[in-house]
Amino acid sequence: MKHAFFGIKYVLTTFVIALMFSVGARAQTYPSKPIKLIVSFSAGGPNDVMARILAQRLTEQMGVAVIVENLAGGSGVTGTLAGARATPDGYTLTFGTTSNFAVLPSFRKNLPYDPRASFLPISQVSAGPFLLVVNAQIPAKNIQQFIEVAKKQPGVLNFGSPGIGTPHQLALELLKMRSGVDITHVPYPGTGRMMSDLLSGRVQLAFDVVGTFLPNIQSGTLRPLAMASRSRFPSLPDVPTMAEAGLPDIEVAVWNGVLAPLHTPKEVINRLSKEVQMAVTSPAMREAFDNLSFQGESSSTPEDFALHIDRELKKWGEVIAKAKIMLTD
């Protein structure tokens, strides 16, 4: 019995040492081949641009090619599902966004992926806080004056968005819930025509990132009312946040970040998180953020990003349920 005990102990000790050696070797050798970064939408959009600049930075930092692959389709489902089903070895990553990780799951309960159970968050990359603007013909200089105007004519003012179920519409519904105003939602097939009608006065207000509105704010055609963010935006230092204007709990941003399939080794997740955080501080990334009116998240750990996704899922799930929003497709 004594010899058997020591035999088992020897085997277990050898196994533990071998496992530790294997983990250490894997951490030291990763990455040893190209890494694929899946973008679940077509090339050319803000998230695609951001992903490509990030991929270039990671390529330079890690010494292997990081290649962006656009897998559009199904409102982001096609690419996200491919990312969830990839081998969990750190060589296939997903560039997650507000749409496919926080909004779509509340609309479609039968999604073939789970935003939390199918992935391990690595790091958030950036966020584009929303700004509320009105056509300059509206006699309101700030958000409280606008609420007074809207309450005097319920259902008359129109809000433009680039589609049903977009973060833009959800921002409006959140504003309506917090302020008690009755505003009519007018969805458009994209931002272009919506902006045209906003400038002409056919719709009177809209939410979007600062860069969408900035030229028209500077020309005086649009008037900024409030930032739906925790802090003021650098290029509009005089525009208050919603909280400063008396409407707390209205924080809206489109965001993106990097995730890996479930069961990806922890040491690989931690390595990638450090690399992404380093990349976000680079001049190329900061220039991209400025051009797109996004803000970098240079200290987002896997735990931070996981909590952020959880908060977003809860918030938008509640808004969608209370507003009874349904996708038509």
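The numbers here are math on the coordinates, done by the rules we state, and not lab data. Note that this is a predicted model, so its numbers are computed, not measured. Quick reminder, even Gly has a Cβ in these numbers, built from the backbone with ideal geometry, and neighbours come from all protein chains shown.
In the chain, the longest principal axis of the Cα atoms and the axis of helix 2-29 are about 50 degrees apart.
Once the Cα atoms are used to define both axes, helix 191-200 deviates from the longest principal axis of the chain by about 20 degrees. A simple spin-label model places pseudo-atoms 7 Å from Cα toward Cβ; at ALA136 and MET278 they are separated by 4.8 nm. Kindly identify segment 129-228 as rounded, prolate or oblate by the Cα gyration tensor criterion: order the square roots of the eigenvalues as a ≥ b ≥ c, call it rounded if a/c is under 1.5, otherwise compare a/b with b/c, prolate if a/b is larger, else oblate. Rounded shape, in that the Cα axes give a/c under 1.5. Given +1 at the Cβ of Lys and Arg, -1 at the Cβ of Asp and Glu and no other charges, the dipole of segment 129-228 around its Cα centre is 160 debye to the nearest 20.
For the chain, state the semi-axes of the equivalent ellipsoid (square roots of 5 times the eigenvalues of the alpha-carbon gyration tensor), sorted largest first and rounded to whole angstrom. Write down the numbers at each step before the final one.
Numbers: eigenvalues 389, 84, 61 Å².
After scaling each eigenvalue by five and taking roots: 44, 21, 18 Å.
Looking at segment 129-228, the DSSP beta bridges with both ends there are about 70 percent antiparallel. For the chain, a simple Cβ point-charge model (Lys and Arg +1, Asp and Glu -1, everything else neutral) yields a dipole of about 600 debye relative to the Cα centre.
Quick one: among ALA102, ALA82, ALA171, which has the greatest mean-square fluctuation in a GNM of the chain with alpha-carbon springs under 10 angstrom? Looking only at ALA102, ALA82, ALA171, the biggest GNM fluctuation is shown by ALA82.
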